[in-house]
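I have placed the structure first, in the form of structure tokens, so that the comments after it can refer back to it.
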Amino acid sequence: MHAKLFRWSPLLLLIVFTSYACRTDPPKQSGAGKAMDYWSMLRSYPDGRIYSSHLSRAYEIWSGQIGLRNEPEWRSLGPKNVGGRTLCLAFHPTDKNIIYAGSASGGLWVSHTTGKGADAWQRLRTGFPVMAVSSIAVNPHRPDEIFIGTGEVYNYRAARPGVDDRFNRGSYGMGILRSSDGGRTWKPSLDWRNTELRGVWKIIFNPLRSSTLLAATTEGIFRSRDNGNSWQQISSRRMATDIEMHPVDTNVIYVSHGGYRSLETGVYRSMDGGQHFELLDQLPTSFTGKTAISLVPSEPDWVYLSIADDLKSIGLFRSIDRGQNWTLLNTNDVAQWQGWYAHDVAVDPKNPNRLIYVGIDAWRSNNGGHDLKQLSYWQHWQFGKTAVGSPEGPAQYVHADIHAVYYHPADANQVFVATDGGIFASTDGGTSWQSRNGGYQTQQFYADFASATRDSNLAVGGLQDNSTVIYDGEAAWSRRIGGDGMNAAIDPENHQLIYGSLQNLQVLRSIDRGKTFRRMVIGSSASEIRNFNSPFVLDPADPTRIYAGAQHLYISEDQGITWNVSTDQDGENSILRIAVAPSDAGLIYLSTNSVDGSQSPGVFKLSEGRASTWQRMQGLPEQICTDLVFHPNNEEEVYVLFGGYNNPHVFHSRDNGQSWQSIDNNLPDLPTHTLFIDPEHPQHLYVGNDMGVFFSENGGKYWQWISRELAEAVMVMDLSYSPSNRKLRVATHGLGAYELALDGIKITPSSDPGPILTLSPPFPNPTSGSFSIKWQSDEKGELTFQVIDVPGRILETHQISFQAGEKTEADFDLSARANGVYWIVVEDSARIRRWTFRVLKTK
């Protein structure tokens with residue numbers, strides 16, 4: 001019996017089952033903040049830094065490898081009936097049916113039906129690893145010209161985990177991109193690809209001169225006077241979150257600064273087109289949240305502000321004289337615990353006293369903000385399955401955490417909001433609402449995602465801010481439980497038994513295939529340290545046995561009726577991941593981390609014969625372990641994965657943890673979250689990281705990126721196996737769920753991938769004529785280089801031999817070529833890689 005392996009507490013914990021319904025009481029602290037904290041923790045430990053440049057460099061290298069044979073086909077599973085976190089919207093200036101949406105980690109989307117219908121939204125590929133789109137600006141005079149700002153960053157300070165705050169970052173950014181053809185192709189405008197995590201919160205056009213743009217960013221205010229070809233910083237004050245320009249006198253600019261407990265806060269005004277900015281000291285100047293600015297189309301000198309502390313609104317303010325004097329209109333706590341995160345105000349284009357004021361819910365005023373009427377109630381969201389493109393609740397339902405509100409520029413009766421549950425709209429000025437999420441697949445899954453063993457039409461997973469959802473073979477998923485969905489499991493022998501969870505190890509069980517759930521109370525101490533996404537797993541040898549991790553390891557032998565608790569395994573640290581050996585051998589691995597970042601994380605093993613001793617694994621990085629996986633046929637073989645940067649991410653032991661070897665080889669240096677071993681071909685490994693899915697057919701000697709057709713980059717949180725149809729399910733943090741047929745995957749012509757080749761992209765790029773490419777291989781060989789112009793003509797061909805282990809560099813001279821864009825194509829026996837580069841000679 002497994003119970004003999006543990007030194008149990010004298011206390012036998014009896015689990016309490018309670019019926020569970022949608023949460024209606026407000027949280028006592030920001031759930032979004034805890035989610036950001038968790039996201040940041042996995043990536044920034046131990047130095048507190050998030051290296052966005054690693055993602056950009058990885059994409060640049062891997063996107064050049066165009067020689068995939070038999071590119072795998074991905075099938076979307078959905079959900080397509082509910083949306084994910086959305087930061088902003090934008091409207092086409094001449095076609096009232098076209099709207100754009102910026103998702104939190106699923107990129108840029110467009111609808112040609114204002115979001116109506118079952119297939120209303122399409123994702124726009126940019127050709128760059130764009131995840132968070134925080135701002136969209138469409139040129140009012142040339143609507144095919146679109147700018148997007150990227151990166152979700154709520155605090156400029158890059159604090160080390162556990163020191164000060166951490167939930168200041170939400171997703172990767174790379175500056176500003178521009179499209180001149182309606183979103184078909186893109187290029188960098190303000191290029192931040194080689195920086196640490198930064199964000200662009202607002203981009204606006206000068207209303208009288210559309211070649212001039214302004215951007216509010218984490219680094220300050222930037223201006224372009226040449227249509228985005230170049231940018232100049234005009235203010236270095238950090239954490240600019242909103243910016244507006246007077247529609248008639250464009251010398252007048254309003255800027256707000258401040259995010260989550262930022263050091264520099266306040267609302268500033270420039271009267272000279274951005275040469276100087278003055279603090280408007282009639283307003284609050286020291287607040288811990290953010291401020292939203294709204295101009296009034298019918299009264300150009302009027303300005304409304306929504307100002308908030310981190311956990312409550314400060315108030316709604318108005319000036320009717322270009323910011324000279326201000327009136328506090330209302331102190332209603334609209335933002336509540338999301339004052340640092342989600343609130344906004346918009347004014348009716350025709351009536352300066354009619355406005356929509358949003359935070360957790362939406363409110364309306366008809367008398368200039370003095371009185372407010374509540375329009376929406378987030379608690380009214382509908383559980384169960386809703387059809388794709390249909391309402392997700394009654395007419396007063398809008399998802400909580402409203403980031404932005406807009407009056408449609410062509411119809412003031414239409415109001416749109418961007419929320420943590422996607423897009424919602426009203427056609428009667430806010431009186432009634434309907435979701436506009438048909439096909440808007442932007443959900444953010446966490447680990448673990450569960451697929452049934454015998455039914456390919458059953459899977460379950462947890463979503464950030466959007467509950468636990470159940471897949472039954474259709475694009476419309478069923479929403480169950482509530483709040484933040486976390487880990488999930490399905491009993492492999494009895495598919496009526498489904499487990500789901502909320503944050504901090506709130507585990508629930510269903511005995512009717514997910515129709516109803518009852519809560520299981522695990523642990524008796526409210527002060528016990530628990531991770532935001534605390535784990536639980538079913539024993540693969542006996543699914544009636546459940547393991548759950550908090551500060552202690554808990555075990556139930558009766559499907560959660562009663563629980564026992566083990567001795568501490570790592571002091572004050574909390575358990576993050578658990579793995580149980582496939583057979584009943586009493587072999588368990590777990591990883592721990594310090595929730596506040598004050599102690600080192602660890603990987604531990606408990607095995608038979610060491611009944612009360614957890615053995616810390618040696619020879620692994622001091623980074624947070626994100627996954628633990630046993631070989632399906634050999635329990636001596638274990639794989640361990642890690643987050644963070646600047647260290648290997650995938651380790652393999654063949655001797656039950658006595659020694660470890662990195663098998664990263666050519667994997668990108670990115671946080672890595674999940675590993676799957678094909679049970680029918682154990683040499684076939686799949687890993688999911690912050691760029692996508694990578695596959696090795698030789699046990700990790702060589703990896704190939706196989707998710708390029710899914711997205712340029714997507715955070716893959718879990719890989720789940722569906723044995724009945726031999727499909728690999730991919731749970732992403734930003735694009736919902738996909739699946740891939742395992743049979744027939746073949747990346748290279750044979751099982752031999754060829755030499756391991758490390759190849760750097762052309763440098764410098766752009767070039768005035770000369771550039772070089774460096775590489776190194778573990779075997780000798782030959783590379784073929786071709787320079788190709790845009791029409792496809794081969795201009796030059798070079799063949800260069802190299803020796804094993806030799807660092808080789810090839811120099812190219814294109815000074816005789818005209819300025820423009822070219823391709824460099826590099827090919828060996830197994831791969832083809834391609835890069836774009838630009839020749840830009842100065843006169």
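Answer with yes or no whether Gly514 is under 14 Å from Phe445 (Cα atoms) and in a loop (DSSP other than H, G, I, E, B). Break it down into steps so the answer makes sense when it comes.
Working: under 14 Å from Phe445 (Cα atoms): no; in a loop (DSSP other than H, G, I, E, B): yes.
Considered against the rule, which asks whether it is under 14 Å from Phe445 (Cα atoms) and in a loop (DSSP other than H, G, I, E, B), Gly514 comes out as no.
Being within 22 Å of Ala32 (Cβ to Cβ) and buried (at least 17 other Cβ atoms within 10 Å of the Cβ), is that true of even one residue in region 520-530? If you could, list the steps in order and put the result at the bottom.
We begin by selecting, within region 520-530, every residue within 22 Å of Ala32 (Cβ to Cβ); these are 529-530.
Those still in the list that are buried (at least 17 other Cβ atoms within 10 Å of the Cβ) too: 529-530.
Yes, because at least one residue in region 520-530 is within 22 Å of Ala32 (Cβ to Cβ) and buried (at least 17 other Cβ atoms within 10 Å of the Cβ).
Search region 737-775 for residues being in contact with a Lys or Arg (Cβ under 8 Å, 6 or more places away or on another chain) and modelled with pLDDT of 80 or more, and hand back the single one that is farthest from Gly421 (Cα to Cα).
Lys774
Tally the residues that are assigned to a loop (DSSP other than H, G, I, E, B) and of a type in the set (A, V, I, L, M), restricting the search to region 477-511. Quick ask: steps written out before the conclusion?
Residues of region 477-511 that are assigned to a loop (DSSP other than H, G, I, E, B), as a first pass: 477, 481-488, 491-497, 503-505, 511.
If we keep only those that are of a type in the set (A, V, I, L, M) too, we end up with 481, 486, 488, 497, 505, 511.
Looking only at that region, the number is 6.
Look at Gly384 and say whether it is crowded, with 24+ Cβ neighbours inside 10 Å and touching a residue at least 12 places away in the same chain (Cβ under 8 Å).
Details: crowded, with 24+ Cβ neighbours inside 10 Å: no; touching a residue at least 12 places away in the same chain (Cβ under 8 Å): yes.
No.
If you scan region 789-825, which residues turn out to be in a strand (DSSP E or B) and in contact with an Asp or Glu (Cβ under 9 Å, 6 or more places away or on another chain)?
First, the residues of region 789-825 that are in a strand (DSSP E or B): 789, 794-802, 808-813, 820-825.
Result: Leu795, Gln799, Ile800, Ser801, Phe802, Phe812, Gly820, Val821, Tyr822, Trp823.
Take Ile561 and tell me if it is among the β-branched types (Val, Ile, Thr), under 28 Å from the mean Cα position of the chain (by Cα) and surrounded by fewer than 21 Cβ atoms within 10 Å (Cβ to Cβ).
Working: among the β-branched types (Val, Ile, Thr): yes; under 28 Å from the mean Cα position of the chain (by Cα): no; surrounded by fewer than 21 Cβ atoms within 10 Å (Cβ to Cβ): yes.
In short, no.
Test Glu278 against the stated conditions and say whether it is assigned by TED's automatic domain parsing to the domain that holds Arg238, surrounded by fewer than 16 Cβ atoms within 10 Å (Cβ to Cβ) and free of Cβ contacts under 8 Å to residues at least 12 places away in the same chain.
On the way: assigned by TED's automatic domain parsing to the domain that holds Arg238: yes; surrounded by fewer than 16 Cβ atoms within 10 Å (Cβ to Cβ): yes; free of Cβ contacts under 8 Å to residues at least 12 places away in the same chain: yes.
The answer is yes for Glu278.
Could you go through region 698-711 and let me know if any residue there is at pLDDT 95 or above, of a type in the set (A, V, I, L, M), farther than 26 Å from Arg726 by Cα and assigned to a loop (DSSP other than H, G, I, E, B).
There is no residue in region 698-711 that is at pLDDT 95 or above, of a type in the set (A, V, I, L, M), farther than 26 Å from Arg726 by Cα and assigned to a loop (DSSP other than H, G, I, E, B).
Kindly provide the set of residues from region 269-284 that are touching an Asp or Glu at 6+ places or on another chain (Cβ under 9 Å) and among the polar types (S, T, N, Q), ordered by number.
Passing the criteria: only Ser270.
Yes/no matrix, rows are residues, columns are (1) surrounded by fewer than 19 Cβ atoms within 10 Å (Cβ to Cβ); (2) part of a loop (DSSP other than H, G, I, E, B); (3) hydrophobic (A, V, I, L, M, F, W, C):
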position	(1), (2), (3)
Gly228	no, yes, no
Pro247	yes, yes, no
Thr250	yes, yes, no
Gly273	yes, yes, no
Gln282	yes, yes, no
Ala292	no, no, yes
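Could you list, in sequence order, all residues of region 323-362 that are buried (at least 21 other Cβ atoms within 10 Å of the Cβ), in a strand (DSSP E or B) and of a type in the set (Ser, Thr, Tyr)?
Tyr357
Inside region 472-498, can you point out the residues that are closer than 25 Å to Trp378 by Cα and more than 21 Å from the chain's Cα centre (by Cα)?
The answer is Ala475, Ala476, Ser478, Arg480, Ile481.
So Gly514 ticks every box in (1) under 30 Å from the mean Cα position of the chain (by Cα); (2) at pLDDT 90 or above; (3) at negative phi but one. Which box is left unticked?
Here Gly514 meets the rest and fails (3).
Being at positive phi, part of a loop (DSSP other than H, G, I, E, B) and touching a Lys or Arg at 6+ places or on another chain (Cβ under 7 Å) is true for just one of Gly439, Gly473, Gly429. Which residue is that? Quick ask: steps written out before the conclusion?
Numbers: Gly473 fails: touching a Lys or Arg at 6+ places or on another chain (Cβ under 7 Å); Gly429 fails: touching a Lys or Arg at 6+ places or on another chain (Cβ under 7 Å).
Result of the check over Gly439, Gly473, Gly429: Gly439.
Among the numbered criteria (1) within 17 Å of Ser111 (Cα to Cα); (2) within 20 Å of the chain's Cα centre (by Cα), which single criterion is violated by Ala400?
Unmet condition: (1).
Check whether at least one residue in region 536-558 is within 22 Å of Gln443 (Cβ to Cβ) and either out of contact with any helix residue (DSSP H, G or I) (no Cβ under 8 Å at 6 or more places or on another chain) or hydrophobic (A, V, I, L, M, F, W, C) (or both), and report yes or no. Walk me through it before giving the result.
Going residue by residue through region 536-558, those that are within 22 Å of Gln443 (Cβ to Cβ) are 536.
Next cut, either out of contact with any helix residue (DSSP H, G or I) (no Cβ under 8 Å at 6 or more places or on another chain) or hydrophobic (A, V, I, L, M, F, W, C) (or both) only: 536.
Taking every residue of region 536-558 in turn, at least one turns out to be within 22 Å of Gln443 (Cβ to Cβ) and either out of contact with any helix residue (DSSP H, G or I) (no Cβ under 8 Å at 6 or more places or on another chain) or hydrophobic (A, V, I, L, M, F, W, C) (or both).
Would you confirm whether any residue within region 121-133 is farther than 25 Å from Val716 by Cα and outside any loop (DSSP other than H, G, I, E, B)?
Of all residues in region 121-133, those farther than 25 Å from Val716 by Cα come to none.
Within region 121-133, not a single residue is farther than 25 Å from Val716 by Cα and outside any loop (DSSP other than H, G, I, E, B).
For Gln443, indicate whether it is surrounded by fewer than 20 Cβ atoms within 10 Å (Cβ to Cβ) and either closer than 21 Å to Ala104 by Cα or more than 19 Å from the chain's Cα centre (by Cα) (or both). Please lay out each step first, then the result.
Values: surrounded by fewer than 20 Cβ atoms within 10 Å (Cβ to Cβ): no; either closer than 21 Å to Ala104 by Cα or more than 19 Å from the chain's Cα centre (by Cα) (or both): yes.
Answer is no for this residue.
Taking the conditions exactly as written (at pLDDT 95 or above, surrounded by fewer than 24 Cβ atoms within 10 Å (Cβ to Cβ) and either more than 21 Å from Ala418 (Cβ to Cβ) or in the same structural domain as Gln338 (by TED's automatic domain parsing) (or both)), does Pro143 satisfy them or not?
Numbers: at pLDDT 95 or above: yes; surrounded by fewer than 24 Cβ atoms within 10 Å (Cβ to Cβ): yes; either more than 21 Å from Ala418 (Cβ to Cβ) or in the same structural domain as Gln338 (by TED's automatic domain parsing) (or both): yes.
Judged against the criteria, Pro143 is a match.
Please tell me if His370 is touching a residue at least 12 places away in the same chain (Cβ under 8 Å), assigned to a loop (DSSP other than H, G, I, E, B), of a type outside the set (Gly, Ala, Ser) and surrounded by fewer than 17 Cβ atoms within 10 Å (Cβ to Cβ). Lay out the reasoning, then the answer.
Values: touching a residue at least 12 places away in the same chain (Cβ under 8 Å): yes; assigned to a loop (DSSP other than H, G, I, E, B): yes; of a type outside the set (Gly, Ala, Ser): yes; surrounded by fewer than 17 Cβ atoms within 10 Å (Cβ to Cβ): yes.
So His370 passes the test.
Tally the residues that are free of Cβ contacts under 8 Å to residues at least 60 places away in the same chain and surrounded by 19 or more Cβ atoms within 10 Å (Cβ to Cβ), restricting the search to region 665-694.
Qualifying residue count, region 665-694: 13.
Could you list all residues from region 616-634 that are over 16 Å from Tyr686 (Cα atoms), buried (at least 16 other Cβ atoms within 10 Å of the Cβ) and either touching a Ser or Thr at 6+ places or on another chain (Cβ under 8 Å) or touching a residue at least 40 places away in the same chain (Cβ under 8 Å) (or both)? Write out each step before concluding.
If we filter region 616-634 for residues that are over 16 Å from Tyr686 (Cα atoms), which is where we start, we get 616-625, 633-634.
Retained after the next criterion (residues that are buried (at least 16 other Cβ atoms within 10 Å of the Cβ)): 617, 620-621, 623-625.
Met617, Leu620, Gln623, Ile624, Cys625, listed by residue number.
Determine if region 714-733 includes at least one residue that is in contact with a Ser or Thr (Cβ under 7 Å, 6 or more places away or on another chain), modelled with pLDDT of 95 or more, assigned by TED's automatic domain parsing to the domain that holds Ala450 and on the phi > 0 side of the Ramachandran plot.
no
Please name all residue pairs, on different chains or six or more residues apart, with Cβ atoms under 6 Å, provided the first residue is in region 641-653 and is free of Cβ contacts under 8 Å to residues at least 40 places away in the same chain and under 17 Å from Arg49 (Cα atoms) and the second residue is surrounded by fewer than 21 Cβ atoms within 10 Å (Cβ to Cβ) and not small (Gly, Ala, Ser).
Phe642/Pro621; Asn647/Pro621; Pro648/Asp664
With the condition kept exactly as written, say whether any residue in region 639-649 is under 29 Å from Thr185 (Cβ atoms) and surrounded by 23 or more Cβ atoms within 10 Å (Cβ to Cβ). Reasoning before the result, please.
Step one: list which residues in region 639-649 are under 29 Å from Thr185 (Cβ atoms), which gives none.
Checking region 639-649: not a single residue is under 29 Å from Thr185 (Cβ atoms) and surrounded by 23 or more Cβ atoms within 10 Å (Cβ to Cβ).
Is it the case that Glu827 is of a type in the set (D, E, K, R), touching a Lys or Arg at 6+ places or on another chain (Cβ under 9 Å) and modelled with pLDDT of 80 or more?
On the way: of a type in the set (D, E, K, R): yes; touching a Lys or Arg at 6+ places or on another chain (Cβ under 9 Å): yes; modelled with pLDDT of 80 or more: no.
Spelling it out, it is not the case that Glu827 is of a type in the set (D, E, K, R), touching a Lys or Arg at 6+ places or on another chain (Cβ under 9 Å) and modelled with pLDDT of 80 or more.
Could you run through region 531-573 and say how many residues are touching a strand residue (DSSP E or B) at 6+ places or on another chain (Cβ under 7 Å), modelled with pLDDT of 90 or more and of a type in the set (D, E, K, R)?
Count: 4.
The values are calculated or read from the model by the stated rules, or taken from the named source; none is laboratory data. Small disclaimer: the values here were computed from a predicted structure and weren't measured. Counting neighbours? That spans all protein chains shown, and the Cβs are built from the backbone with ideal geometry, glycine included.
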